[in-house]
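The values are calculated or read from the model by the stated rules, or taken from the named source; none is laboratory data. Since the model is a prediction, treat every value here as computed from it, not as a measurement. Here the Cβ is made from the backbone with ideal geometry for all residues, glycine too, and neighbour counts use every protein chain on show. For the accessible areas, the whole protein counts, side chains as well, though only heavy atoms, and no ligand, DNA or RNA atoms are used. Shrake-Rupley method; radii C 1.70, N 1.55, O 1.52, S 1.80 Å.
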Amino acid sequence: MNDVKNAVDTDYIQGLLEAAVLCLNTTKGGFYPDKDFGAKIKYTLAEPEILSQARASLERLDGVYVKSVCKAENGIVVYNLTLNDDERQVELKYD
């Protein structure tokens, strides 16, 4: 029984992670049915601005929180996320 519960929890967390990546990678205003979906994140923004944009884009996802961001080299932004008390890290590339 625990194996089934763990598999469901893992699938749920993975789904949240994929939804978060979609929100962070989609340019706000570029999704037809919902012009407020996505974020206006660019690598040229300062880290506090990226953090603010990321949190705003994920506010509709219940249980998802951006703890911090860090700009790496070559346009990569590293996001430290909390997904229902499970911590994950995502790296996304921006132009």
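In deg cm²/dmol and to the nearest 500, what is the mean residue ellipticity at 222 nm of the chain if only DSSP H runs of at least 4 residues count, each as -39500 (n - 2.57), divided by the residue total?
-13000 deg cm²/dmol
Arranged from highest to lowest average of other beta-carbon atoms within 10 Å per residue, in what order do the peptides 11-17, 66-72, 49-55 appear?
49-55, 66-72, 11-17
Using a Cα distance threshold of under 25 Å, what count of lysine pairs results for the chain when pairs must be 8 or more residues apart or interchain?
Qualifying lysine pairs in the chain: 14.
Which angle from 0 to 90°, rounded to the nearest 10, does the C-alpha axis of helix 47-58 make with the longest principal axis of the chain?
Helix 47-58 and the main axis of the chain meet at about 50 degrees.
With every protein chain left in place, what is the accessible area per residue of the chain in square angstrom, probe 1.4 Å?
Spelled out: the 1.4 Å probe surface of the chain, per residue, equals 66 Å².
At a 1.4 Å probe radius, carbon and sulfur cover how many percent of the accessible area of the chain?
51 percent
List every residue whose amide H lies under 5 Å from the amide H of Lys28, counting only residues 5 or more places away in sequence or on a different chain, with H placed 1.01 Å from N in the peptide plane.
Ala39, Lys40, Ile41
For helix 2-25, report the angle its Cα long axis makes with the longest principal axis of the Cα atoms of the chain; keep it between 0 and 90° and round to the nearest 10°.
10 degrees
Whole-Hz ³J(HN,Hα) for each residue in region 61-78, computed from phi via Karplus 6.51 cos²θ - 1.76 cosθ + 1.60 with θ = phi - 60°, x for glycine and proline: what do you get?
Computed from phi, the couplings for region 61-78 are 8, 5, x, 10, 9, 8, 6, 6, 10, 8, 7, 9, 7, 6, x, 8, 10, 9 Hz.
Return the sequence-ordered ³J(HN,Hα) values of region 79-90 in whole Hz as given by the Karplus equation 6.51 cos²θ - 1.76 cosθ + 1.60 applied to θ = phi - 60°, using x for Gly and Pro.
10, 9, 10, 10, 10, 6, 6, 9, 8, 9, 10, 10
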